[in-house]
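Here's the structure we're looking at; comments come further down.
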Amino acid sequence: MSSLQPMSEQELTDVVIERFASTPDDRLREVMQALVRHVHAFAREVRLTDDEWLTGIQFLTAAGHITDGNRQEFILLSDTLGLSSMVDLINHASMVEGVTEPTILGPFYVPNSPEREFGASMIEYADGGEESLVEGCVTSPDGTPIAGAVIDVWQNAATGFYAVQQPDVQPATNLRGIYRTDVQGRYSIHTVRPTPYPIPDDGPVGKMLSATGRHQMRAAHIHVKVSAPGFAPVTTHVFDEASDYLDSDTVFGVKGSLISAFTPGDDGLLHCAVDFTLEPTH
């Protein structure tokens, strides 16, 4: 209906929402209409200026330009805004007591890591790191061991970089591996002690962190994906309790239950004991 009255801000929002009303897919319609409501509400709340709107467009454009097969700036943005952790909580947090808490996948996961034997080393590059054994059990919530559970693990070198970040320096499979639990549900991984490291800060996300007075550091951690038939898989971290940045991890990934100690052993290695508990799916 035509009107001689100027369109109000709310009227514009209502018109845009209505334009998506005939979206055939129910879920897509719900998501798009909610997106419009919240984006418009954000613009109204902060009274977004022309220059600020354009800066946002340029920021997203720059994120697209720097993204490639080895660098995903949009995941990095999602991580640093806490969105990745929120989506993870919504979709993967368990209400079953004792189940291992999930945390974010991160931008450096690479599928199809090499299968490694029980206790085998995944160190393929001399980085000066402290050699460590990460060991424990995978169980159900009642403590029953899970034999044959798959543990997909990856981490950064002591130099601060993942292998995928240094294709001309580190072997592609350095500090990556797939391990399996034995008949008693035990696993053993020979690796190096993780170290804090900066997320890539040479792109738009790094500029955002600098402009807002935030640091770019992640607390020291090892990434782990644990799965077994009949159980919900979990993507989680092992954090070093001696690490800096546990209280200010730049991607909001730290949870108290995921912090463990690395202690010296008689064999000259550091030892870290970590058990994983999976939630049954039936």
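Every number here is computed from the coordinates shown, using simple stated rules; none is lab data. Being a predicted model, the structure only gives us computed values, none of them experimental. FYI the Cβ positions are ideal-geometry reconstructions off the backbone, even for glycines, and counts take in every protein chain you see.
How far apart, in nm, are two points set 7 Å out from the Cα along the Cα-to-Cβ line at Glu117 and at Glu131?
In this crude label model, Glu117 to Glu131 measures out at 1.6 nm.
Over the alpha-carbon set of the chain, divide Rg by the Kirkwood Rh and report the Rg/Rh ratio to two decimals.
Working: Rg = 22.6 Å, Rh = 21.3 Å.
Checking Rg against Rh, the ratio lands at 1.06.
Do you know the relative contact order of segment 35-128, to the nearest whole percent, from alpha carbon pairs under 8 angstrom that are 6+ apart? Don't skip to the answer; put the middle values down first.
Values: 34 pairs, mean separation 17.0, N = 94.
The normalised contact order for segment 35-128 reaches 18 percent.
Stokes-Einstein D for segment 1-48 at 20 °C, 1.002 mPa s, Kirkwood Rh over Cα pairs, in µm²/s?
182 µm²/s
Can you tell me, using C-alpha contacts under 8 Å and at least 6 residues apart, the relative contact order of segment 136-194 as a whole percent? Walk me through the intermediate numbers first.
On the way: 93 pairs, mean separation 27.1, N = 59.
It rounds to 46 percent for segment 136-194.
What percent do you get for the relative contact order of the chain when only Cα pairs under 8 Å and 6+ apart count? Numbers along the way, then the final one.
Numbers: 510 pairs, mean separation 57.1, N = 282.
Value for the chain: 20 percent.
Looking only at segment 41-62, which residues have a backbone nitrogen under 17 Å from a spot 7 Å from the Cα of Ala211 in the C-beta direction?
The answer is 43, 46-62, whose backbone nitrogens lie closer than 17 Å to the label point.
Starting at 0 and stepping by 10 Å, how many percent of the alpha carbon pairs of segment 1-105 end up in each bin?
Result, from short to long distances: 11, 25, 35, 20, 7, 1, 0 percent.
Once R0 is set to 25 Å, what does the formula 1/(1 + (r/R0)^6) return for the Cβ-Cβ distance between Ser8 and Leu81, expressed as a FRET efficiency to the nearest 0.05? Don't skip to the answer; put the middle values down first.
Details: r = 30 Å, r/R0 = 1.20.
The pair Ser8/Leu81 has a calculated efficiency of 0.25.
Cut-off 14 Å, label point 7 angstrom out along Cα-to-Cβ of Asn91: give me the residues of segment 225-251 whose amide nitrogen falls inside.
233-236
Reported to two decimal places, what Rg/Rh ratio describes segment 93-137 when computed on Cα atoms with Rh from the Kirkwood expression?
Working: Rg = 14.9 Å, Rh = 14.4 Å.
Expressed as Rg/Rh, it is 1.03.
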